[in-house]
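The values are calculated or read from the model by the stated rules, or taken from the named source; none is laboratory data. What you see is a predicted model, and the numbers here were worked out from it, not measured in a lab. As a convention, Cβ positions derive from the backbone with ideal geometry for all residues, glycine included, and neighbour counts pool all protein chains shown. Ligands, DNA and RNA are excluded from the accessible area calculation, which covers all protein heavy atoms including side chains. Shrake-Rupley method; radii C 1.70, N 1.55, O 1.52, S 1.80 Å.
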Amino acid sequence: MPGTSGGPVGAGGAAAHGGAGGPAGTSGPGHPVGTGAPGGPSGGPGGRGRAKAVAVVTAAAVLVTAIVTGVVLLREDDGRTEVRTGPTAPTAATPPSGPPPSASPSGPEPSADAPAVVEDQLNGITFPLLDGWVRPQHIAQDDVVMTTDGTYDCPGEGSVCRHGLVISRTVTGNDETSPERLAKDDISEAADNAYDRDLIGNRPYGGITSRSTVKSGPVAVAGRAGYLVRWRVKTAEGPGGYVQSMVFPSGVGTESPVLVRYVIDAGEDAPPLTDMDRITRGIRSTGGSGSGGGVGSSIGPAD
């Protein structure tokens with residue numbers, strides 16, 4: 001019927017009225033539905049509603065496409081739903097806002113080969129800690145700066161003895177300042193303390209049987225001119241040993257005389273006697289002014 005070819009129900013003015021041939025109801029066989037001229041019967045409220053419907057459908061299609069692109073729902077055979085995110089456009093890495101942080105500089109680490117030292121703070125000097133020598137432990141005697149490692153049973157009275165020790169102290173109670181005189185005056189007492197009687201009156205080596213000078217003379221210590229006296233001491237028990245008194249002016253304060261005593265056994269298990277000279281050459285001033293050479297560096301101990 002020609003009167004019902006104008007379009008779907010509710011989409012145009014003619015369908016709404018149900019008429020069969022009026023100008024407001026059809027657009028004729030030669031014209032598409034809804035393409036009437038503006039302002040005519042086909043361009044009324046029905047035409048605007050159709051345009052809105054097309055816009056809504058287009059927008060919905062774009063939205064659905066974006067959702068499908070972003071998220072894909074896959075249903076597996078057992079009815080579970082797996083969610084997979086779709087590919088996304090790659091994003092460029094954000095360049096750093098400033099220069100890359102640099103590692104903080106670290107100070108030089110002490111070398112593993114650096115020699116160990118023992119410091120005598122009162123007299124402002126350090127002693128090299130040679131192999132076989134350790135810092136004092138469980139020592140009743142004052143002013144000991146190092147001993148040989150380990151102990152042994154004393155051959156005479158007493159409990160334990162050590163194969164060697166070094167003592168450093170300031171000379172007090174004496175107006176004498178000459179290193180030579182002070183060293184010569186001290187050597188006898190040093191020998192008695194080491195090999196005759198101990199602090200509680202025992203005789204760890206049975207007492208001293210003989211004493212003899214094996215070396216004496218000037219010596220350079222930490223850049224200062226000093227003097228040493230070395231004795232060989234024989235005892236009633238055991239092999240005896242060597243004792244040395246060495247005096248030199250301090251490099252700090254009022255330059256008070258510093259007295260260093262060495263004691264080394266003569267037995268096979270004792271350190272070499274040359275350790276006395278090696279320790280002396282390694283004495284340094286903590287103030288940085290002075291070494292094994294310097295003032296009196298050409299002075300050596302006489303045989």
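Having 3 or more residues that are open to solvent by less than 30 Å² (accessible area, probe 1.4 Å) and under 18 Å from VAL160 (Cα atoms) is the bar; report the strands (runs of 3 or more DSSP E) wholly within region 223-285 that clear it. Reasoning before the result, please.
Values: elements: 224-235, 241-249, 257-265.
Where strands (runs of 3 or more DSSP E) fall fully within region 223-285 and carry at least 3 residues being open to solvent by less than 30 Å² (accessible area, probe 1.4 Å) and under 18 Å from VAL160 (Cα atoms), they are 257-265.
Restricted to region 174-216, and to residues that are of a type in the set (Ser, Thr, Tyr) and not in a helix (DSSP H, G or I), which residue is nearest to GLU237 (Cα to Cα)?
TYR205
Go through the residues of region 242-255 one by one and say whether even a single one is among the acidic types (Asp, Glu), more than 44 Å from the chain's Cα centre (by Cα) and over 23 Å from GLY132 (Cα atoms).
Checked against the condition, which is being among the acidic types (Asp, Glu), more than 44 Å from the chain's Cα centre (by Cα) and over 23 Å from GLY132 (Cα atoms), region 242-255 yields no hits at all.
Which number in (1) open to solvent by less than 50 Å² (accessible area, probe 1.4 Å); (2) under 50 Å from the mean Cα position of the chain (by Cα); (3) of a type outside the set (S, T, N, Q); (4) farther than 18 Å from ARG261 by Cα marks the one condition that ALA191 misses?
Only one criterion in (1) open to solvent by less than 50 Å² (accessible area, probe 1.4 Å); (2) under 50 Å from the mean Cα position of the chain (by Cα); (3) of a type outside the set (S, T, N, Q); (4) farther than 18 Å from ARG261 by Cα is unmet by ALA191, namely (4).
Say whether the condition of being open to solvent by 30 Å² or more (accessible area, probe 1.4 Å), modelled with pLDDT under 80 and small (Gly, Ala, Ser) is met by at least one residue in region 112-127.
Yes, region 112-127 contains at least one residue that is open to solvent by 30 Å² or more (accessible area, probe 1.4 Å), modelled with pLDDT under 80 and small (Gly, Ala, Ser).
Is there a residue in region 155-174 that is surrounded by 14 or more Cβ atoms within 10 Å (Cβ to Cβ), touching a His at 6+ places or on another chain (Cβ under 8 Å) and closer than 25 Å to ARG284 by Cα?
Start the filter on region 155-174 by keeping residues that are surrounded by 14 or more Cβ atoms within 10 Å (Cβ to Cβ), which leaves 155-158, 161-171.
Those still in the list that are touching a His at 6+ places or on another chain (Cβ under 8 Å) too: none.
Checked against the condition, which is being surrounded by 14 or more Cβ atoms within 10 Å (Cβ to Cβ), touching a His at 6+ places or on another chain (Cβ under 8 Å) and closer than 25 Å to ARG284 by Cα, region 155-174 yields no hits at all.
Say whether the condition of being in contact (Cβ under 8 Å) with a residue 40 or more places away in the chain, surrounded by fewer than 21 Cβ atoms within 10 Å (Cβ to Cβ) and aliphatic (A, V, I, L, M) is met by at least one residue in region 175-188.
No, the conditions are met nowhere in region 175-188.
Evaluate region 170-185: report whether one residue or more is farther than 15 Å from GLY240 by Cβ, touching a Phe, Trp or Tyr at 6+ places or on another chain (Cβ under 7 Å) and at pLDDT below 95.
There is no residue in region 170-185 that is farther than 15 Å from GLY240 by Cβ, touching a Phe, Trp or Tyr at 6+ places or on another chain (Cβ under 7 Å) and at pLDDT below 95.
Which members of region 192-218 meet the condition of being among the aliphatic types (A, V, I, L, M) and touching a Leu at 6+ places or on another chain (Cβ under 7 Å)?
none
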